[in-house]
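These notes are about the structure you will find just below.
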Amino acid sequence: MAKPPQKRLEIVVDNSVNPNKGKTAVRPVVQQLKDRPRASVLIVGGGINGVGTFRDLSLQGVDVALVERGDYCQGASGASSHMIHGGIRYLENGEFRLVHESVVERNALLRLAPHYVKPLQTTIPITSTFSGITAAPLRFLTHKQGKHTERGAVLIKAGLLMYDFFSRGGRVAPRHNFVGKKKSLQELPKLRSDVKYTATYFDASVHNPERLTLDVLRDGLEANPQSRASNYVSAVGTTDAGTLLRDELTGEEFLFEADVVINATGAWVDETNDSFGKRTSFMGGTKGSHIVLDHPELLEACNGRELFFEHTDGRIVLIYPMGDRVLVGTTDIDADITEDSVCTDEEIEYFFELVAHVFPTIDVRRDHIVYTFSGVRPLPKHDDTQPGFVSRDYRIEKRMDRRAGKNVTTLSLVGGKWTTFRALSENLASEAMTALGMPRKTTTSELQIGGGKGFPRTEAEERLWVNRTASEVADRDRVRVLLTRYGTRATDVLEFLAKGGDQLLASTPELSTRELTYMVENEQITRLSDILIRRTSLAFRGLVTEEMLNELAELLAPQLGWDEEEARVQVQGARDLLVNKHGMKIGVPVA
């Protein structure tokens, strides 16, 4: 007889209402799990690391299923600094293995996902020459800040020389460059007047982490017809018969059996293990917040570069342009994961201070903010180590259990960062296959991701691609939007649009009626907020209006089985989420 379920994981998703509970139409992705409630591997967690592992296992021919209690890339993966970087500051922590792996993976993602990962020119403003030389060894040895001493030019130069050394293999960017005060102020006239030098090097950015995650997921689904994945399904317990899953939209629970269970729930790894009846103490996540500004003067002051620098408290922070917006971040605060992660007033004031620290003549006010976001980094437990010095590396914790006469292996992922997701996923997948007694068939090290295949490499090639692809179905402006959103998979979308009547939404030229249908049929749209935050960048850029919410609800209702009341609930839930969690001003269009 099966044992009763263990303690269940009860975590509020997005701090919003649970719309369409008991009303939603049957979701095909959930039905696939119910129809065949067994896989060789079950992955719990749909952030980039869980999704990357899903893709890798699918490519090996492994029967793998994935569940995510919210939407894909909803947690820490969607709340990152949008950087793909080698982690120059990790050199100070002595994490040389991680830096080497990071620069290798950064270079690889520039090749494998060029539709989303772009080179990022990064500049460090420096106001002293020798400062910090004696403090650096202490930070290296103790991983504590101690009395704050600014890092000077000599120390930063040494770090960049090491960084260049680690970047030498498969180099895709020039070496760093140091210039003095005069040249620095010529290039960045708004910089503080006491700047002595600037150091410039290249890393990379990912402007659409949510869409890159979806692209990786789709690669996995297409690689193996056995593979299944569903959002808004949580793992809430175990019995001898398997893992207890719950459809978060209907409340229905069902059992799912697997030989290997991968716990990739990020900062919630311990809570997930606890729900499985195995208490662990692996995690010690820290909260990181950001703000997005509509500020033309600050955008111009950045001159197309990320400003990456040390604030007065010793924290490494950043300001960088993303399209016509400016991203400012980030904090690093010990987090209580039982509380919803939001950007606080104190953090906003901190961000204003750090902008003033570098650009003292530029005024930044709250009415410049169009979006805020915050997440909990999946860092390992760190006791009295200061958050900024906690390792960003990862490890895999393995546990063996006996259920109903069978061995079940649970792999818990501790740590991990965006830049190294491909290598991490390969290692995690290999651990799972070792437990299954299966050999690895292929590697993803040179496998392009989704819409990165055949993506134009230069601006001239991009213009040519857009001109060749434009048609009566979509003019050049529309094709450009689709290319940015989907990469070369935009051709699939355009074929879909051509098969039915289509028109742009009245509330935005960036979406059309038939593209919404495409998203519903191909991208597991479940809630109104999924579209605004993770299928498009409309929320991130502060472009959501009341008209848009109502129009989207009206168009989605017949496709997702919402009645009139449910459509209102969806609008209210999205509005509350954007206002309360992301600091938006709904109904105030941004030019």
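The values are calculated or read from the model by the stated rules, or taken from the named source; none is laboratory data. Source: prediction; values computed, not measured. With ideal geometry, Cβ positions are generated from the backbone for all residues, glycine too; neighbour counts draw on all protein chains shown. SASA here: full protein model, heavy atoms, side chains in, ligands and nucleic acids out. Shrake-Rupley method; radii C 1.70, N 1.55, O 1.52, S 1.80 Å.
Hey, what do the phi angles of the stretch 441-446 turn into as Karplus ³J(HN,Hα) couplings, whole Hz, using 6.51/-1.76/1.60 and θ = phi - 60°, x for Gly and Pro?
9, 8, 10, 9, 4, 10
Select from the chain the helices, each a whole stretch of DSSP H, whose alpha-carbon atoms run 18 Å or more along the helix axis and whose Kyte-Doolittle mean is at least 0.0; answer none if there are none. All intermediate terms of the calculation are to be shown ahead of the outcome.
On the way: long enough: 96-112 (24 Å, 0.26); 153-166 (19 Å, 1.58); 209-223 (21 Å, -0.30); 345-358 (21 Å, 0.15); 421-436 (22 Å, 0.37); 546-560 (20 Å, 0.13); 564-580 (24 Å, -0.59).
Helix filter hits for the chain: 96-112, 153-166, 345-358, 421-436, 546-560.
Hey, how many Å between the Cα centroid of the stretch 262-293 and the Cα centroid of the stretch 507-562?
For the stretch 262-293 versus the stretch 507-562, the Cα centre distance is 29 Å.
With the contact rule set at Cα under 8 Å and sequence spacing of 6 or more, what percent relative contact order holds for the chain? It would help to have the intermediate numbers written out before the result.
Working: 1175 pairs, mean separation 117.9, N = 591.
Result for the chain is 20 percent.
Using only the alpha carbons of the chain, determine the length spanned along each of the three principal axes and report them from longest to shortest in whole angstroms.
Between the extreme Cα coordinates on each principal axis of the chain lie 73, 57, 43 Å.
Per the Cauchy relation, a quarter of the hull surface: what is the mean projected area of the convex hull of the alpha carbons in the stretch 231-339, in nm²?
Orientation-averaged projected area of the Cα hull: 10.6 nm².
Could you do me a favour and compute the accessible area per residue for the chain, 1.4 Å probe, result in Å²?
On the way: 23350 Å² over 591 residues.
Accessible surface, normalised per residue, equals 40 Å².
What does the convex hull of the alpha-carbon atoms of the stretch 164-228 project to on average, in nm²?
It is 7.6 nm².
Rank Leu482, Ser471, Gln503 by how far each Cα sits towards the positive end of the charge dipole of the stretch 469-518 (+1 on Lys, Arg Cβ; -1 on Asp, Glu Cβ) and give me just the farthest.
Positive-end residue among those listed: Leu482.
Ordered by packing density, taken as the mean number of other Cβ atoms within 10 Å over each peptide's residues, highest first, how do 403-409, 548-554 rank?
Ranked from most to least packed, the peptides come out as 548-554, 403-409.
Given Lys157/Lys182; Lys118/Lys398; Lys118/Lys190; Lys118/Lys157; Lys118/Lys287, which pairs have Cα atoms separated by over 30 Å?
Lys118/Lys398
Counting Lys +1, Arg +1, Asp -1, Glu -1, what net charge surrounds Gln226 among other residues with beta carbon under 10 Å of its beta carbon?
After counting each charged neighbour, the total is +1.
Eigenvalues of the Cα gyration tensor times 5, then square-rooted: what semi-axes does that give for the stretch 283-432, in whole angstrom, largest first?
Semi-axes, largest first: 38, 16, 14 Å.
Just add up the charged neighbours of Glu353: K/R +1, D/E -1, any other residue whose Cβ is under 15 Å from the Cβ of Glu353.
With Lys, Arg at +1 and Asp, Glu at -1, the net is -3.
Which net charge results when you count Lys and Arg as +1 and Asp and Glu as -1 among the other residues whose beta-carbon is under 13 Å from that of Leu217?
Around Leu217, the charge tally is -1.
Under 1.5 on a/c is rounded, so check that first for the stretch 360-497, then, if it is not, pick prolate when a/b is larger than b/c and oblate when it is not; a ≥ b ≥ c are the square roots of the alpha carbon gyration tensor eigenvalues.
Because a/c hits 1.5 or more and a/b fails to exceed b/c, the stretch 360-497 counts as oblate.
Could you size up the charge dipole of the chain around its Cα centre, putting +1 on the beta carbon of Lys and Arg and -1 on that of Asp and Glu, and report it in debye to the nearest 20?
1980 debye
Could you please state how large a percent of the accessible area of the chain is carbon and sulfur, counting protein chains only and using a 1.4 Å probe?
After summing per-atom areas, the C and S share lands at 52 percent.
Please report, to two decimal places, log10 I(q)/I(0) for the stretch 434-488 at q = 0.12, 0.19, 0.28, 0.29 Å⁻¹ as given by the Debye formula with identical point scatterers on the Cα atoms and no solvent.
For the stretch 434-488, the Cα-only Debye profile gives -0.42, -0.69, -1.12, -1.16.
Highest first, please rank the peptides 84-92, 150-158, 556-564 by the mean number of other Cβ atoms sitting within 10 Å of their residues.
Ranking the peptides 84-92, 150-158, 556-564 by packing returns 84-92, 150-158, 556-564.
Of the listed peptides 106-116, 571-581, what is their order by residue-averaged count of other C-beta atoms within 10 Å, with the highest listed first?
Ranked from most to least packed, the peptides come out as 106-116, 571-581.
So what is the relative contact order for the stretch 202-282, in percent, with contacts set as C-alpha pairs under 8 Å and at least six apart?
Numbers: 73 pairs, mean separation 14.2, N = 81.
Rounded, it is 18 percent for the stretch 202-282.
Express the relative contact order of the stretch 290-343 as a whole percentage, based on alpha carbon pairs under 8 Å and six or more residues apart in sequence.
The normalised contact order for the stretch 290-343 reaches 39 percent.
So what's the Cα pair-distance distribution over the stretch 491-571, bin width 10 Å, in %?
P(r) for the stretch 491-571, in whole percents per bin: 18, 54, 27, 1.
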